[in-house]
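First the structure, in the form of structure tokens, and then the observations on it.
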Amino acid sequence: MTNKLKYFVGNWKMFGDFSSIKIINQINQFCSNFKKKGIKSKVIVCVPHTLIYPFVTKLKNKLVTIGAQNCHHHNGVGAFTGSINSSMIRKSGARYIILGHSENRSSGDTNKLINKKIDASLREKLNVIFCIGENLHHKREGKTFSVLRKQINSSIDKKFNLNRIIIAYEPIWSIGTGKVPKTNELIKIFKFIKDEYKRNFKLKRFPIVLYGGSVNDTNIQQFSLIPEIDGFLIGGASQSSKKFIDIIKNYYK
Ligand code: PGA
């Protein structure tokens, strides 16, 4: 079992209401037992904006950190009906934010817009979970590395506080499909992302890189054999406390 800090991040997407605090409480209880065993893991659940404040205020010992999913790119107030900015999110109590998710990219988020959102979020001292990933077409054409390189280099600025950015590699063809990359592919891609990022931004250490896409309590054991993976971004399976907890348990089995 590894002693390196590992991240387990839930992405609830458009799921949950006030009563869903019970899911968070169960995960929180599990984390407290886990902590006693000396296992180093960071558990974050990114919920819809409406649930951030009620969850943050109701959560007891706060072993689960609450995060958000997306924000508007504009930093201040403005005529953006239906939108919410990074400052509002921070003031609601979130500490993390998912940006660049493929579901948001497919509804208009460009690399440039994502760059502005990252900037706006870092200004509010939010930790950014920055999603990148190729689609099936890119993969078949052998363009995975060039797509990832472009996503990274056009959304991240050298002047950003890079300590606050976590990358989540999520191949689009894997999200919600039950399909996951092969172990040897993942090792190559994680090495590529880490090397590219470290070299490009002249970092002293490798960045934290998570894997996301159809993670479940069974395939997690295959992923646990890959030390380059620093944690997981878990969508569908994070909407059930049992499934989410089983993923963490099985990772350390
Ligand atoms: P999934 O979603 O685990 O349901 O595939 C992952 C994500 O969208 O972050």
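The values are calculated or read from the model by the stated rules, or taken from the named source; none is laboratory data. What you see is a predicted model, and the numbers here were worked out from it, not measured in a lab. FYI the Cβ positions are ideal-geometry reconstructions off the backbone, even for glycines, and counts take in every protein chain you see. These accessible areas exclude ligands, DNA and RNA; they are computed on the full protein's heavy atoms, side chains included. Shrake-Rupley method; radii C 1.70, N 1.55, O 1.52, S 1.80 Å.
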Here is a list: 177, 218. Which entry is more than 15 Å from the chain's Cα centre (by Cα) and more than 11 Å from the ligand (Cβ to nearest atom)?
218
Of (1) assigned to a helix (DSSP H, G or I); (2) charged (D, E, K, R); (3) closer than 30 Å to residue 26 by Cα; (4) touching a Ser or Thr at 6+ places or on another chain (Cβ under 9 Å), residue 253 fails just (1)
Only one of (1) over 18 Å from the mean Cα position of the chain (by Cα); (2) within 16 Å of the ligand (Cβ to nearest atom); (3) not hydroxyl-bearing (Ser, Thr, Tyr) is not met by residue 58, so which one is it?
(2)
Looking only at the stretch 92-120, which residues are charged (D, E, K, R) and away from the ligand (no atom under 16 Å from the Cβ)?
95, 112, 116, 117, 119
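Of all residues being touching a Gly at 6+ places or on another chain (Cβ under 9 Å) and open to solvent by 10 Å² or more (accessible area, probe 1.4 Å) in the stretch 44-58, which is farthest from residue 10 (Cα to Cα)? Just the residue, please.
Of everything passing the filter in the stretch 44-58, 57 is farthest from residue 10 (Cα to Cα).
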Considering 224, 240, 214, which residue is under 17 Å from residue 44 (Cβ atoms) and either open to solvent by 20 Å² or more (accessible area, probe 1.4 Å) or free of Cβ contacts under 8 Å to residues at least 12 places away in the same chain (or both)?
240
Would you mind stating whether residue 206 is away from the ligand (no atom under 16 Å from the Cβ), at pLDDT 95 or above and either among the small types (Gly, Ala, Ser) or in contact with a Lys or Arg (Cβ under 7 Å, 6 or more places away or on another chain) (or both)?
yes
Take the stretch 167-211 and flag every residue that is part of a helix (DSSP H, G or I), farther than 19 Å from residue 115 by Cα and of a type in the set (Phe, Trp, Tyr).
173, 190, 192
Limited to the stretch 2-20, what total is found for residues that are open to solvent by 20 Å² or more (accessible area, probe 1.4 Å) and more than 16 Å from the ligand (Cβ to nearest atom)?
7
